[in-house]
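Worksheet: one structure, shown below.
The values are calculated or read from the model by the stated rules, or taken from the named source; none is laboratory data. Treat the numbers as computed from the prediction; the structure is a model and nothing was measured. Backbone-built Cβ (ideal geometry, glycine too); neighbour counts: all protein chains shown.
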């Protein structure tokens, strides 16, 4: 949808885009949290190195909150609606959450631009609620969510090389003002003409965006009006570039997606065309174009998969042809995994196929294998594409810690894109730069910090454990638990359970 709005000559001058900074206010358990990526602390020249952010901390301290904030960002920037489930992300007792994201745009001709996108997010009752206040749940009469997300207070600021001169950071589109359809008035000429028709149309788009839990700035309606005006200013080009980046190169894998893997219900597979959910418990029916794309994706995945899990491949096994609704021919397929015949212990007494490999339904693979296959296409893209940003919650779930460290170390040394992850496994602290690591704190007003006073020879993993015990940093990283109290609690719970049974 967005791609068609680029002018022909624009394709040859698209920038590398990196996320530099994120600020969360009143978002779930985060009253205030700020993360500055390594590429935001120092200048990283066009296409020279990768960027990593690993987020660590105790349970319930704000790691998943950060990933969910990125998921909301992606939805807004591709012009999609934010699902009602995210209404629960507004901190309890607060009217609104505020999110702010800073991007670095570097062009091949040497131009550099900075873009800051900020917005407010509130939870508002659905008009169909009929008085029920089941927060985050469903209306007992209509079956609709009781609350939905409302996006307001959007502001897009830019600085850098524009129209042949350096511009300081300033708002380009600001919906916080009384100006309609947006402020500042002096910037409206870069997006629409003075024709009242276009102003009225944008006013309608702005109201609809709030009702649909979507962004006004990045909505398809706004883009349509701007295209009708025929203006193609450098400011508008940046909006298109950010939307294109979010559509094709920003990928977020949260626990909602990995839940399908843990339940062995399906395999989320991420491609540049979008996200596919391949069922593992029953056969899949798909058209030829999807079949071909997934087959191609598995071929790329297998190149890397066979190296990190020696001998393992995945593929689509066609069970039969299928007639699709539009009359075209499709495929009934099942996901299968295969290994070399020599690795018979995994497959018990199964015989090898004519290709010399032993095949089995993919659903019998471990959670860790299914997780690796699901996200591997994203990691491959981020490794090879400097504009690609991937964010994966609980990257370590089911993954052998040595393998986890190997993948991250390889990405640090020779990758090109941006890799964001949360983890409980501390192996990455030993193998990647300390500049790439943030920790959550017990202070909701300063939720994310880098550890100070860490020398180049210090083992960050050991330092983290010592900090938990000694507490030398400005903020507490772990709310201490007492082992004897845990023992007492288990005993008490057991006694209470015995009395009830």
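A few notes on this one:
Let's see how each residue does on (1) closer than 20 Å to residue 244 by Cβ; (2) crowded, with 18+ Cβ neighbours inside 10 Å:
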site: 379; (1), (2): no, yes
site: 383; (1), (2): no, yes
site: 386; (1), (2): yes, yes
site: 391; (1), (2): yes, yes
site: 396; (1), (2): no, yes
site: 403; (1), (2): no, no
site: 406; (1), (2): no, no
site: 414; (1), (2): no, no
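- The set of residues from the stretch 110-119 being farther than 17 Å from residue 215 by Cβ and either at pLDDT 95 or above or part of a strand (DSSP E or B) (or both) comprises 112, 113, 114.
- Every condition in (1) surrounded by fewer than 16 Cβ atoms within 10 Å (Cβ to Cβ); (2) at pLDDT below 95 holds for residue 463 except the one numbered (1).
- Among the residues making up the stretch 154-186, those that are loosely packed, with under 15 Cβ neighbours inside 10 Å and in contact with a strand residue (DSSP E or B) (Cβ under 8 Å, 6 or more places away or on another chain) are 166, 168, 169, 170, 177, 184.
- Test for residue 225: is it in contact with a helix residue (DSSP H, G or I) (Cβ under 6 Å, 6 or more places away or on another chain), crowded, with 18+ Cβ neighbours inside 10 Å, part of a helix (DSSP H, G or I) and at pLDDT 90 or above: yes
- Residue within the stretch 199-220 that is surrounded by fewer than 21 Cβ atoms within 10 Å (Cβ to Cβ), in contact (Cβ under 8 Å) with a residue 60 or more places away in the chain, assigned to a helix (DSSP H, G or I) and touching a strand residue (DSSP E or B) at 6+ places or on another chain (Cβ under 6 Å) present: yes
Here's the yes/no breakdown for (1) surrounded by fewer than 20 Cβ atoms within 10 Å (Cβ to Cβ); (2) in contact (Cβ under 8 Å) with a residue 24 or more places away in the chain; (3) under 30 Å from residue 150 (Cβ atoms):
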{"residue": "5", "(1), (2), (3)": "yes, yes, yes"}
{"residue": "12", "(1), (2), (3)": "yes, no, no"}
{"residue": "24", "(1), (2), (3)": "no, yes, yes"}
{"residue": "56", "(1), (2), (3)": "no, yes, no"}
{"residue": "67", "(1), (2), (3)": "no, yes, yes"}
{"residue": "71", "(1), (2), (3)": "no, yes, yes"}
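- Selected residue (only one of 238, 309, 282, 346 is out of contact with any helix residue (DSSP H, G or I) (no Cβ under 6 Å at 6 or more places or on another chain) and at pLDDT 95 or above): 238
- Odd one out for residue 159, checked against (1) at pLDDT 95 or above; (2) under 24 Å from the mean Cα position of the chain (by Cα): (2)
- Criterion (surrounded by fewer than 17 Cβ atoms within 10 Å (Cβ to Cβ) and touching a helix residue (DSSP H, G or I) at 6+ places or on another chain (Cβ under 9 Å)) met by exactly one of 49, 95: 49
- Single residue of the stretch 182-195 satisfying the filter (more than 30 Å from the chain's Cα centre (by Cα) and at pLDDT 90 or above) that is nearest to residue 225 (Cα to Cα): 192
- Residue 471 being free of Cβ contacts under 8 Å to residues at least 12 places away in the same chain, loosely packed, with under 11 Cβ neighbours inside 10 Å and more than 29 Å from the chain's Cα centre (by Cα): no
- Enumeration of residues in the stretch 160-188 that are touching a residue at least 12 places away in the same chain (Cβ under 8 Å) and over 20 Å from residue 73 (Cβ atoms): 160, 161, 162, 163, 170, 180, 181, 183, 184, 187
- Matching entry among 108, 81, 31 (being assigned by the TED database to the domain that holds residue 241 and under 16 Å from the mean Cα position of the chain (by Cα)): 81
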